[in-house]
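I have placed the structure first, in the form of structure tokens, so that the comments after it can refer back to it.
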Amino acid sequence: MTRAEETYRAGKTYRAEESYRARGSHGDPATAGVAVSTDGLPDWLMPVVRTARTVVPEELSRFLPPESGGGRQSAVLILFGEGARGPELLLMERSSSLRSHPGQPAFPGGSLDPDDGDPATTGPLRAALREAEEETGLDPSGVQLFGVLPKLYIPVSEFVVTPVLGWWRSPTPVGVVDPGETARVFTVPVADLTDPANRATARHPSGYLGPAFLVASALVWGFTAGLIDRILYFAGWEQPWDRSKQVPLDWRA
């Protein structure tokens, strides 16, 4: 890629982020509280900020939203905090009774509701915060949104997903709100995610191969693991790991 292309890509993503910020910062009650801002972030998060401003969809996943505009609009909250062992991510384990991705660790998130607003602007921001509150009980007022990654696609569920990046500026207690939806809420230190001993390749009977993390008594794989893998890589946090180490999945996964 030429320097001119890199500059264009960075500028295009930055302008999109500015659009989110502008539409969420003014007096409309429907968009209050969903501004995107990098003010006051810890220095260690700046590589993630730069990633959000420069990465393109093809660098995150081979599954991109249908050109027809179809798919179920949704959003996830990728929430970074700082715990006893340094930087960490908030995850949840989906209930085993759910029809979609049962028992799978994931970022908080879900489908956009009509009240969330425009899917092209602040809708995903509001949905990510709303779903995180409903699933983990966190207080959205303590979350500072600082970036938005390109929309991606999950073919098996037909979700068009907007990954929303947040900094847990003022952490609040979290836990299971509805056992019918969530089995567990937990945080994972970034140090554990980057530890080569905790990394593997997930192998599904369908032929799927993708990154996986064995952390916090959980196997993180699929869409969530793919996003974590790409963030670690583009932020420069990834350590060399054994990609030949495989973890088999069963058909129910």
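Quick notes
- Qualifying residue in segment 97-110 (condition: assigned to a loop (DSSP other than H, G, I, E, B), at positive phi and open to solvent by less than 40 Å² (accessible area, probe 1.4 Å)): yes
- Lone unmet requirement of (1) over 27 Å from GLY137 (Cβ atoms); (2) more than 14 Å from the chain's Cα centre (by Cα); (3) open to solvent by less than 40 Å² (accessible area, probe 1.4 Å) for ASP195: (3)
- Members of segment 58-72 that are touching a residue at least 60 places away in the same chain (Cβ under 8 Å) and either open to solvent by 40 Å² or more (accessible area, probe 1.4 Å) or over 21 Å from TRP221 (Cβ atoms) (or both): GLU59, PHE63, LEU64, PRO65, PRO66, GLY70, GLY71, ARG72
- Selected residue (only one of GLY207, GLY226 is without any contact (Cβ under 8 Å) to a residue 12 or more places away in the chain and of a type outside the set (Lys, Arg)): GLY207
- In segment 42-57, residue surrounded by the most Cβ atoms within 10 Å (Cβ to Cβ) [restricted to those that are farther than 16 Å from GLN144 by Cα and not hydrophobic (A, V, I, L, M, F, W, C)]: THR51
- Flag for GLU88 being at pLDDT 95 or above, assigned to a strand (DSSP E or B) and either touching a strand residue (DSSP E or B) at 6+ places or on another chain (Cβ under 6 Å) or open to solvent by 40 Å² or more (accessible area, probe 1.4 Å) (or both): yes
The values are calculated or read from the model by the stated rules, or taken from the named source; none is laboratory data. Only a predicted model underlies this, so the values are computations on that prediction, with no experimental measurement involved. Backbone-built Cβ (ideal geometry, glycine too); neighbour counts: all protein chains shown. Quick note on the areas: whole protein, heavy atoms, side chains included, nothing else; ligands and nucleic acids left out. Shrake-Rupley method; radii C 1.70, N 1.55, O 1.52, S 1.80 Å.
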